[in-house]
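One structure is given here, and the rest of the page talks about it.
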Amino acid sequence: MSPAVKITRTDHTPEQLRGLAAKITDSAQTRRMLAIAMVLEGASRADAARQAGMDRQTLRDWVHRYNEAGVDGLVSRTAPGAKPKLTNAQMAELGALVVADPDPDIHKVVRWRCVDLRGRGGPAVRGYLGRRHHRQMAAPAGPDPAATAPVPSQEGSSSAGGL
């Protein structure tokens, strides 16, 4: 079995790490800091990892990151995700389609659906149009006219006779 990775960074004591962990709102970073504090206090890596809710190998990876970047290295990184399939010009074209409501007499729909937009847009929009793009481009809906319409008074039809 290979020797354990040593914590070479000595800019924080275990007590300081615990104090920093109490002030941080990111729970994952807090657990990592507490696990490293336990190792610095002499706890076994298996015990420290188990109490922090991670595997021993995962703790080893975080020790590497802590040695390289300190406490800031214990922050979870977010993946950049896939690059957008539509360019800014294509998104503008799609936005113009979505914002311009369809004419029910001409388009035979009262609200654009992805299927309708694929058929109406230029080649850029036809190439790729997912529901996520439709939701991103949709204008915020106003209140439902039926829900905000005044309720007609029913003075003439009172049922005072009882049930």
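The values are calculated or read from the model by the stated rules, or taken from the named source; none is laboratory data. The structure displayed is predicted, hence computed values, not measured ones. For neighbour counting, all protein chains shown are included, and Cβ atoms are generated from backbone atoms with ideal geometry for every residue, glycine included.
Would you call R60 of a type outside the set (S, T, N, Q), farther than 30 Å from L117 by Cβ and in contact with a Phe, Trp or Tyr (Cβ under 7 Å, 6 or more places away or on another chain)? Judged against the criteria, R60 is not a match. Name the residues in the stretch 1-45 that are among the hydrophobic types (A, V, I, L, M, F, W, C), assigned to a loop (DSSP other than H, G, I, E, B), under 17 Å from G73 (Cα atoms) and in contact (Cβ under 8 Å) with a residue 24 or more places away in the chain, would you? Those that are among the hydrophobic types (A, V, I, L, M, F, W, C), assigned to a loop (DSSP other than H, G, I, E, B), under 17 Å from G73 (Cα atoms) and in contact (Cβ under 8 Å) with a residue 24 or more places away in the chain: V5, I7.
Each row is one residue, and each column tells you yes or no for (1) farther than 30 Å from P14 by Cα; (2) modelled with pLDDT under 60; (3) among the aliphatic types (A, V, I, L, M).
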| site | (1), (2), (3) |
| --- | --- |
| P80 | yes, no, no |
| L94 | yes, no, yes |
| P123 | yes, yes, no |
| P150 | yes, no, no |
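If you go through the stretch 73-98 and keep only what is surrounded by 10 or more Cβ atoms within 10 Å (Cβ to Cβ) and without any contact (Cβ under 8 Å) to a residue 12 or more places away in the chain, you end up with G73, P84, A92, A96.
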